[in-house]
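Right, one structure below, let's go through it.
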Amino acid sequence: MKPPRPLKLEARGASLEFYHERTKQYLSVLADIDLKVFEGELVAIVGPSGCGKTTFLNAVDGLATLTGGAILVDGRPVTRPGPDRALVFQNDSLFPWRTVLHNVTYGLELQGKLSTREMNERARRLVDLVGLRGFAEHYPHELSGGMRQRVNIARALAIEPELLLLDEPFAALDAQTREFMQVELLTILARARTTALFITHQINEALFLSDRVVVFSARPARIKDIVEVDLPATRTLDVKHQASFVELERHIWRLIEEEAIKTGMMTNA
């Protein structure tokens, strides 16, 4: 029997309200979210559009402040952004005037802990890790969308975060590239041994990538269900056609559909 994995992230009754200055009203976005993510896991979050998925990710990163409860990383309360977390957005947000190598070193330069040689050595290892050997001296405009997003992931991994936060990182890619990048991400995270929290609207993407899929309710977001994904650690795209995978996908879609109906996004007709 394997020993239990250490706890990496814990949300305890995480709640968040925004005050709308014009209407003088409070908008509840997150409500009493309890969640545990263990070291080495990739946990995906899905839910109806606008339910609060990205807000929760921002709270984990320290960009949004909770109004109730707590979020802890390695047992420490999150109060602000920190080097133990790295956030990857939908758009690659690379600096066009920097090469691939120097985009990857950017966070290390801000930290100021390593020499130029050490930063470049680490960046080159990560460029190789994400499958871009030979492209270190290229500029973003010389890369495809999938390649730019790999650079984005390498830049996030450069600071060696305890937790990688991914907010729909493949949303801007074409369908084919998106499929291939899902496989690449699993390989990258396995090699880097990184814990990850992944936001997506694509149910089959969530299932393919994750150890568990967390289903959020309509706003204010609560955890409606947590689905265990019993798939091999090494996955190929063929798994998406297996009956067990399709059934899980249907189950999660039904859960989201129930929530969408509540908000009027869909009808029973």
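The values are calculated or read from the model by the stated rules, or taken from the named source; none is laboratory data. Please read all numbers here as calculations on a predicted model, not as lab measurements. Reconstructed Cβ throughout: ideal geometry from the backbone, glycine too, with neighbour counts over all protein chains shown.
Observations, loosely collected:
- Yes/no for residue 256 being under 25 Å from residue 16 (Cβ atoms) and assigned by TED's automatic domain parsing to the domain that holds residue 7: yes
- Spans of helices (runs of 4 or more DSSP H) in segment 173-269 with at least 1 residues of a type in the set (Lys, Arg), over 18 Å from the mean Cα position of the chain (by Cα) and over 29 Å from residue 146 (Cα atoms): 243-263
- Any hit, segment 31-38, residues being hydrophobic (A, V, I, L, M, F, W, C), surrounded by 19 or more Cβ atoms within 10 Å (Cβ to Cβ), closer than 14 Å to residue 163 by Cα and modelled with pLDDT of 95 or more: yes
- Matching entry among 226, 261 (being surrounded by fewer than 21 Cβ atoms within 10 Å (Cβ to Cβ), at negative phi, of a type outside the set (Asp, Glu) and modelled with pLDDT of 95 or more): 226
- Residue within segment 167-182 that is on the phi > 0 side of the Ramachandran plot, buried (at least 18 other Cβ atoms within 10 Å of the Cβ) and at pLDDT below 95 present: yes
- Filter result for the condition that a residue is farther than 19 Å from residue 82 by Cα, charged (D, E, K, R) and in contact (Cβ under 8 Å) with a residue 40 or more places away in the chain, over 205, 162, 142, 137: 205
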